[in-house]
Amino acid sequence: MLLARLADVSRKVAAEPSRTRKIAALASLFADAGPQEAALVISYLAGRLPQGRLGVGWSVLKEQPPPAGEPSLTVTGTDAVFTALAQVAGAGAQAERKRLVRELMGAATGPEQEFLLRLLTGEVRQGALDAVALEAVARAAGAPAAEVRRAVMLDGSLARVAEALLAEGPDVLASFRLQVGRPVQPMLAHTAASVADAVQALGACCVEEKLDGVRIQVHRRGDDVRVHTRSLDDITARLPDVIASVRELPGDRFILDGEVIALDAAGRPLPFQDIASRVGSRTDVAAAAAAVPLSPVFFDILAADGDDLLDLAGRERYAALAALVPEPMRVRRVVVEDPGSDAQLRAAEDFLTATLDRGHEGVMVKALDAPYVAGRRGRSWLKVKPVHTLDLVVLAVEWGHGRRTGLLSNLHLGARAPDGTFVMLGKTFKGLTDAMLLWQTDRLRELAVDDDGFVVRVRPELVVEIAYDGLQRSPRYPAGVALRFARVIRHRPDKNATEADTIDRVLAAARGDAG
Ligand SMILES: Nc1ncnc2c1ncn2[C@@H]1O[C@H](COP(=O)(O)OP(=O)(O)OP(=O)(O)O)[C@@H](O)[C@H]1O
């Protein structure tokens, strides 16, 4: 398939407000593409270059040669250039990469150059496009969208499922099954304003501690124990203490879902930064483990004795969890069987207070009769936290002054708009520790696409969690509002920009309706 076709469809889909028409345009693209091409297109639209980073400075991308006449580049040919770029190594690598990029740009027509520029600077990515692309793939292959969705949850990759589906047809979907040893996307939650609201919305439910650590999914097959993060990265080698605790458990073919935290001598949770840097440290793991021992706390079970438990009701999964995992390694919870009971509601609210007193961040309220919906922000898990935070995307950053000279400091923050762009809501350099400043300087340098010596514009990929005291009217910002007293709580390298909060959610939160 010609790159020109993809460039054209990508532009139309970005400008098209109707979800149905976006799906139709993508479905016809997938129907004409080969299975491998479709997989490439999906990863491009999701903002991922399959070969990772390009390894050339942004300035090369700006030196666009005059456009070529007739379109000749193909999608696979272009991807071959990306692969070659990733493989260049040794002396003269930088010059060779520049040559390859210039050659690619030189062979592109005007619209293709524009598309490549948007692709390489991260602007092709569309907000909720993964869901649209999934429905388009289903339509192109004549498969039910629900079955495609389930396969993606279990496999973790729409591109892989699409490739198999377009090559082999709908029957292949049945082969995507839950397997101990293959990580699945974890279930996520919505927000509720209070415990009472959450209980009202869910009916029979349990109220659990919401622990402020790092999500883990643990797979055990005999002696082989693997740990994955929320974004499915394998972090087994970094967590010898967690592996040792899991080996103590009785079963030998199971998948557990939980959070890893660290406690001080008095049993209070250590701050998230300490846990994140322990989990992130790849070198001298033994010393890091001795300095900050981690405690896994499990709250769900997805497979036991090799059997898939995803479709069981929460209460049945929790019974299976209790049969396998001893109480100290399980999350604390209280059960509300009857949402109409004042006594049970009071007990749930007292549990929130006690949980906050123990130093945790809030509670999770979970329906007792709902299945585990992997990979989706299900309506059957609701989080209740007293401090309201937003996950925003860094759009640009200013060089610091004084003590922060040479460091990238003041962050320009944006929320997602429906068309996949970002709406700037404010700036902040507050809340950043020295370690966080160093880390973000490195990361944002990698994402830089422009630097005027004062502001560095970046690919919109880094998500940060921000606390704020409300929104104020501000004609200087595009949405007419700006964050008040924004401060950084943490970087969220485990989240994609597509998971950041939307401008609609920000405006709804400002009006007081959480969710
Ligand atoms: N008891 C619990 N049950 C489920 N998730 C929990 C629990 N305690 C802590 N968590 C954490 O909360 C996260 C779920 O919240 P959410 O789906 O909003 O993701 P999130 O954006 O990472 O949340 P937040 O930013 O509020 O921490 C989980 O990914 C997990 O890491």
Amide proton proximity set for Lys383, modelled H, under 5 Å, gap of 5+: His190, Thr191, Ala192, Val365
Which peptide among 502-508, 430-436 comes first, and what is the full order, when sorted by highest mean count of other Cβ atoms within 10 Å? 502-508, 430-436
Sort out for me the Cα centre separation of segment 395-438 from segment 192-217, rounded to whole Å. 31 Å
Angle between the Cα long axis of helix 314-324 and the longest principal axis of the chain, 0 to 90 degrees, nearest 10? 70 degrees
So the angle from the long Cα axis of helix 93-106 to the longest Cα principal axis of the chain, reported in degrees to the nearest 10, equals 70 degrees
For the chain, Rg(Cα) over 2.2 N^0.38 Å is 1.02
Under a Cβ-only charge scheme (Lys and Arg +1, Asp and Glu -1), can you give me the dipole magnitude of the chain about the Cα centre, in debye to the nearest 20? 1180 debye
Place +1 on the Cβ of every Lys and Arg and -1 on the Cβ of every Asp and Glu in segment 3-175, take the dipole about the Cα centre, and give the residue among Met105, Ser157, Ala33 whose Cα lies farthest towards its positive end. Met105
Step through the residues of segment 382-394 one at a time and calculate ³J(HN,Hα) from phi using the Karplus curve (6.51 cos²θ - 1.76 cosθ + 1.60, θ = phi - 60°), rounding each to whole Hz and writing x for Gly and Pro. 10, 9, 10, 10, x, 8, 8, 10, 10, 9, 10, 9, 6
Among 184-190, 267-273, 160-166, the order from most to least packed when residues are scored by Cβ within 10 Å on average: 160-166, 184-190, 267-273
Of the options Ser295, Ala500, Ala133, report the single residue whose Cα projects farthest towards the positive end of the charge dipole of the chain (beta-carbon charges: Lys, Arg +1; Asp, Glu -1). Ala500
Using DSSP, restrict attention to beta bridges with both residues in segment 188-384 and report what percent are antiparallel, rounded to the nearest 5. 90 percent
Lys and Arg at +1, Asp and Glu at -1: neighbours of Phe429 with Cβ under 14 Å from its Cβ sum to +3
How big is the charge dipole of segment 188-384 about its Cα centre, in debye rounded to the nearest 20, if each Lys and Arg gets +1 on its Cβ and each Asp and Glu gets -1 on its Cβ? 420 debye
Here the percent of antiparallel bridges among DSSP beta bridges lying wholly in segment 393-515, to the nearest 5, is 95 percent
Listed residue (Leu211, His228, Gly362) projecting farthest to the positive dipole end of segment 188-384, Cβ model: His228
Antiparallel versus total DSSP beta bridges in the chain: what percent is that, nearest 5? 90 percent
Relative contact order of segment 188-384: what whole-number percent is it, with Cα pairs under 8 angstrom and at least 6 residues apart? 35 percent
For the chain, the longest principal axis of the Cα atoms and the Cα long axis of helix 75-87 enclose an angle in degrees, to the nearest 10, of 70 degrees
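Quick note: the coordinates plus some simple rules give every number you see, no bench work behind them. Since the model is a prediction, treat every value here as computed from it, not as a measurement. All Cβ positions, glycine included, derive from the backbone under ideal geometry; neighbour counts span all protein chains shown.
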